[in-house]
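The values are calculated or read from the model by the stated rules, or taken from the named source; none is laboratory data. In this text, all values refer to a predicted model and were calculated from it rather than measured experimentally. Virtual Cβ from ideal backbone geometry, glycine too; neighbours counted across all protein chains shown. These accessible areas exclude ligands, DNA and RNA; they are computed on the full protein's heavy atoms, side chains included. Shrake-Rupley method; radii C 1.70, N 1.55, O 1.52, S 1.80 Å.
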Amino acid sequence: MRDVGYVEATPVISPYRFDEDGLLTIHTLYDRNVGSERCWFLNEDVRVRVGTVQLMDGPNLVSYATETRCTPLEDLEKLRRVAQRRCESS
């Protein structure tokens, strides 16, 4: 449930489901439009989202996002050092 929808600025209730493979689908009916969003995890740190909006007055809109979990700075520094050692040894 959202207090304001992302397609129309009205309160909405969106049915959702999880498929057996973990894919989340959210479907929202607005007064004049229809929105759908699908989300899944490629691994524990990467999420993908695809959204579609069917506007009743014409165009269809599609969005795509790949989101990564914020990695702590010290972990990034460790990865940088490992990569640097690999470059120096080749």
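Tabulated data
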{"quantity": "Of all accessible heavy-atom area on region 26-86, the percent that carbon and sulfur account for (1.4 Å)", "calculated": "56 percent"}
{"quantity": "Cα-centred dipole magnitude for the chain, charges only on beta-carbon of K, R (+1) and D, E (-1), debye, nearest 20", "calculated": "360 debye"}
{"quantity": "Kirkwood-based shape ratio for the chain, expressed as Rg/Rh from alpha carbons", "calculated": "1.21"}
{"quantity": "³J(HN,Hα), Karplus 6.51/-1.76/1.60, whole Hz, each residue of region 47-52, x for Gly, Pro", "calculated": "10, 10, 10, 10, x, 10"}
{"quantity": "Protection-proxy order for peptides 16-29, 61-74, 35-48, each taking the mean of Cβ atoms within 10 Å per residue, highest first", "calculated": "35-48, 16-29, 61-74"}
{"quantity": "Relative contact order (percent, whole number), the chain, Cα cutoff 8 Å, 6+ residue spacing", "calculated": "15 percent"}
{"quantity": "Residue (of TYR30, CYS70, SER89) at the positive-pole extreme of the chain, dipole from beta-carbon charges", "calculated": "SER89"}
{"quantity": "Per-pair calculated FRET efficiency, R0 = 35 Å: CYS87 and ARG47 via Cβ, rounded to 0.05", "calculated": "0.70"}
{"quantity": "Degrees between helix 73-89 axis and first principal axis of the chain (Cα, 0 to 90, nearest 10)", "calculated": "50 degrees"}
{"quantity": "Paramagnetic label zone (point 7 Å from Cα along Cα-to-C-beta, PHE18; backbone N under 12 Å) in region 36-50", "calculated": "41"}
{"quantity": "Accessible solvent surface per residue of the chain, calculated while the other protein chains remain in place, 1.4 angstrom probe, Å²", "calculated": "80 Å²"}
{"quantity": "In Hz, Karplus ³J(HN,Hα) per residue of region 29-44 (6.51, -1.76, 1.60; θ = phi - 60°; x = Gly, Pro)", "calculated": "9, 9, 4, 10, 9, 10, x, 9, 9, 10, 10, 7, 9, 6, 7, 5"}
{"quantity": "Rg and Dmax [Cα atoms of region 43-90; Å; Rg one decimal, Dmax integer]", "calculated": "19.4, 60"}
{"quantity": "Linear extension gain, THR71 paired with HIS27, 0.36 nm per residue minus alpha-carbon span", "calculated": "12.7 nm"}
